[in-house]
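The values are calculated or read from the model by the stated rules, or taken from the named source; none is laboratory data. Since the structure is predicted, the reported quantities are computational estimates derived from the model, not experimental observations. Positions of Cβ are backbone-derived with ideal geometry, glycine not excepted, and every protein chain shown enters the neighbour counts.
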Amino acid sequence: MALKRMDNVGIVVEDLEATIDFFLELGLELEGRATIEGEWAGRVTGLGDQHVEVAMMRTPDGHSRLELSRFLRPAVIADHRNAPVNALGYLRAMFTVDNVDDTLERLGTRGAELVGEVVQYKDVYRLCYIRGPGGLLIGLAQELG
């Protein structure tokens, strides 16, 4: 059997509303929200009794999704938001945007901070990393030419 697709990337967040607003400003669309709890959910995740608020965000092309989760129960047990970009494990999402400078300006009103600097890779991309709500690491890429 062949792989069909990747459905989404999950991100656990502290402030669901602020994170939704941030990704809306970036250009993602809110596909839906739900509260997940119950015995079945705990069996899937291995967390037992859980209560989670979830928001599904979709890219404008409809091909990619972020699942934002705020755990009410059980409490979050680890925090890697301040890890450098060479830390092991899932670290960041990268988005292609029309204009990096405009995107930085708009996301700055939502608390985004530039990690290093905006750089140009040959005549192909302008790239940067930013920290969004709760320290989420996000990459931005602007195609050139």
If you go through 109, 103, the only one that is in contact (Cβ under 8 Å) with a residue 12 or more places away in the chain, over 28 Å from residue 4 (Cβ atoms) and exposed (fewer than 12 other Cβ atoms within 10 Å of the Cβ) is 109
On the given criteria, is residue 139 within 26 Å of residue 5 (Cβ to Cβ), of a type in the set (Gly, Ala, Ser) and in the same structural domain as residue 17 (by TED's automatic domain parsing)?
no
Take residue 76 and tell me if it is exposed (fewer than 13 other Cβ atoms within 10 Å of the Cβ) and either within 28 Å of residue 142 (Cα to Cα) or touching a residue at least 60 places away in the same chain (Cβ under 8 Å) (or both).
yes
Take the conditions surrounded by 11 or more Cβ atoms within 10 Å (Cβ to Cβ), farther than 29 Å from residue 114 by Cβ and not assigned by TED's automatic domain parsing to the domain that holds residue 126 and apply them to residue 32. Does it pass?
no
Here are some residues: 121, 129, 90. Which one is among the aromatic types (Phe, Trp, Tyr) and within 20 Å of residue 8 (Cα to Cα)?
90
Strands (runs of 3 or more DSSP E) enclosed by region 1-84 - at least 1 residues per element that are charged (D, E, K, R):
29-37, 51-58, 65-73
Name, by its number, the condition in (1) touching an Asp or Glu at 6+ places or on another chain (Cβ under 8 Å); (2) of a type in the set (A, V, I, L, M, F, W, C); (3) over 16 Å from residue 11 (Cβ atoms) that does not hold for residue 40.
(1)
